[in-house]
1. If the chain between SER177 and THR111 were fully stretched, how many nm would it gain, using 0.36 nm times the residue separation less the Cα-Cα distance?
2. Rounded, prolate or oblate for region 86-172? Axes are the square roots of the Cα gyration tensor eigenvalues, ordered a ≥ b ≥ c, and the cut-off for rounded is a/c under 1.5.
3. Apply 1/(1 + (r/R0)^6) to the Cβ-Cβ distance of SER132 and TYR50, taking R0 = 22 Å, and write down the FRET efficiency to the nearest 0.05.
4. For Cα pairs less than 8 Å apart in space and 6+ apart in sequence, what is the mean separation divided by the residue count of region 61-187, i.e. the relative contact order in percent?
5. What full-extension length gain, to one decimal in nm, is calculated for ASP156 and SER63 as 0.36 nm per residue of separation minus the Cα-Cα distance?
6. Residues with beta-carbon under 11 Å from that of SER112, excluding SER112: net charge, scoring Lys, Arg +1 and Asp, Glu -1?
7. Within a Cβ distance under 10 Å of VAL185, other residues only, what is the Lys/Arg minus Asp/Glu net charge?
8. Around GLY100, what is the net charge, scoring Lys/Arg as +1 and Asp/Glu as -1 over all other residues with Cβ under 15 Å from its Cβ?
Amino acid sequence: MHRRLLLTLLLFLLSVSLASAFQVPDTGITECYDADGNQIFPCPGPGEPYYGQDGNLILNDMSFTANGNGTLTDNVTGLLWQQTADSTPRTWNDAVAYCGSLNSSGFGGHTSGWRLPALIELDSIMDLSVDSGAAINPIFTGTEAADYWTSNEDPDDSARAWIIDFGTTEDGIVAKSNEGYVRCVREVTQ
């Protein structure tokens, strides 16, 4: 619960600092909690203790458009995503190569720009309101409740990179030789 609260705070701070560059969609959290971690129902109103949690706020509701070519447009961030995740666990280097292969195959009608998502980009499609399985909107198909690679490398160790686990909703740094799943992304305007 504390990890989700920290993730929500991080997303909020990043959305404020990157507001002109990248809009962060709502997390999907609708519950509120007191200082002991007990759920409060209904969520407190303005002026009441514990008001202002993610459960009180709706920021940029998640919105996706299926393009009919294996891609989804994120209507909040403007990113273009693979609709169906690659079902093959890969090392980080193989994941980078896989996204590059989407360019050479012209996936979704695009011959450039497909890449691993940054941590904040991949985190932006996580839906914390999903109760079981992978924490992602069901319009995204083939998502395992497991680790997914990001393009973010560990600044202290180039042999490690960041992952997001769509089962536990946690992120972390792991060895690039580990295996994880891939969902590639590109800018719509490229």
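All of the numbers you see were taken from the coordinates with simple rules; none came from a lab. Just so you know, these numbers come straight off a predicted model, no measurement behind them. So basically every Cβ, Gly included, is an ideal-geometry build from the backbone, and we count neighbours across all protein chains shown.
1. Numbers: separation 66, 0.36 × 66 = 23.76 nm, distance 2.77 nm.
Going from the current span to full extension adds 21.0 nm.
2. Note, shape of region 86-172 comes out oblate.
3. The formula returns an efficiency of 0.25 here.
4. Over region 61-187, the number comes to 30 percent.
5. Numbers: separation 93, 0.36 × 93 = 33.48 nm, distance 3.57 nm.
Length difference between fully extended and current span is 29.9 nm.
6. Working: positive: ARG115, ARG186; negative: GLU187.
Result for the local shell: +1.
7. Values: positive: ARG115, ARG183, ARG186; negative: ASP74, GLU121, GLU187.
Here the count lands on 0.
8. On the way: positive: ARG90, ARG115, ARG183, ARG186; negative: ASP86, ASP94.
The answer is +2.
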